Amino acid sequence: RTMAAMITAGNQAEIDEVFAKVVWKDFNEYSFYPFIAQLGDGFGYMHAHGGNRALTGNSVSGIIDGIPALGKIIKGMELYGNFSAAAEAGGEWTAYDWTSFGEVFDIFEKVTFVAGVQRFGVRYLIAVG
């Protein structure tokens, strides 16, 4: 539903509404949530994150590098590169290590589908996992 909302948005204000819906978890289903980051900006500015609102406004690379337990396993730029490659390929599943952000940072493998879309001159990667 997130991809459809991005594709059918008629202007930037409607794109911003999609970001708000992601942050407020309107698109979350079961344990799956979407996130939308900038594609091609070099670091993956996070426009919206449906799993953890606090991650919105950060970058993919900064999020990973800011969590010591994850930063030891994968570098943020490497993950952003994997996401970008999946988006540029037309959409692919990507596996990576992630955390639950609880009191104890349990690390687990997460699988996410990542695709890309360009709207109003801006390229985005849209993911759900």
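The values are calculated or read from the model by the stated rules, or taken from the named source; none is laboratory data. Keep in mind the model is a prediction, meaning the values are calculated, not measured. Virtual Cβ from ideal backbone geometry, glycine too; neighbours counted across all protein chains shown. For the accessible areas, the whole protein counts, side chains as well, though only heavy atoms, and no ligand, DNA or RNA atoms are used. Shrake-Rupley method; radii C 1.70, N 1.55, O 1.52, S 1.80 Å.
Being at pLDDT below 90 and closer than 19 Å to residue 121 by Cβ is not true of residue 44.
Any idea which of 54, 5 is surrounded by fewer than 16 Cβ atoms within 10 Å (Cβ to Cβ) and either at pLDDT 95 or above or on the phi < 0 side of the Ramachandran plot (or both)?
Residue meeting the stated conditions: 54.
The strands (runs of 3 or more DSSP E) falling completely within the stretch 50-129 that include 1 or more residues that are among the polar types (S, T, N, Q) and under 16 Å from the mean Cα position of the chain (by Cα) map to 92-99, 107-119.
One residue alone among 27, 35, 19 is assigned to a loop (DSSP other than H, G, I, E, B) and either crowded, with 20+ Cβ neighbours inside 10 Å or in contact (Cβ under 8 Å) with a residue 24 or more places away in the chain (or both), and that residue is 27. Among residues that are of a type in the set (Ser, Thr, Tyr) and in contact with a Leu (Cβ under 9 Å, 6 or more places away or on another chain), residue 30 is not included. Counting only residues that are open to solvent by 70 Å² or more (accessible area, probe 1.4 Å) and touching a helix residue (DSSP H, G or I) at 6+ places or on another chain (Cβ under 8 Å), which one in the stretch 60-112 is nearest to residue 38 (Cα to Cα)? Applying the filter and picking the extreme gives 77.
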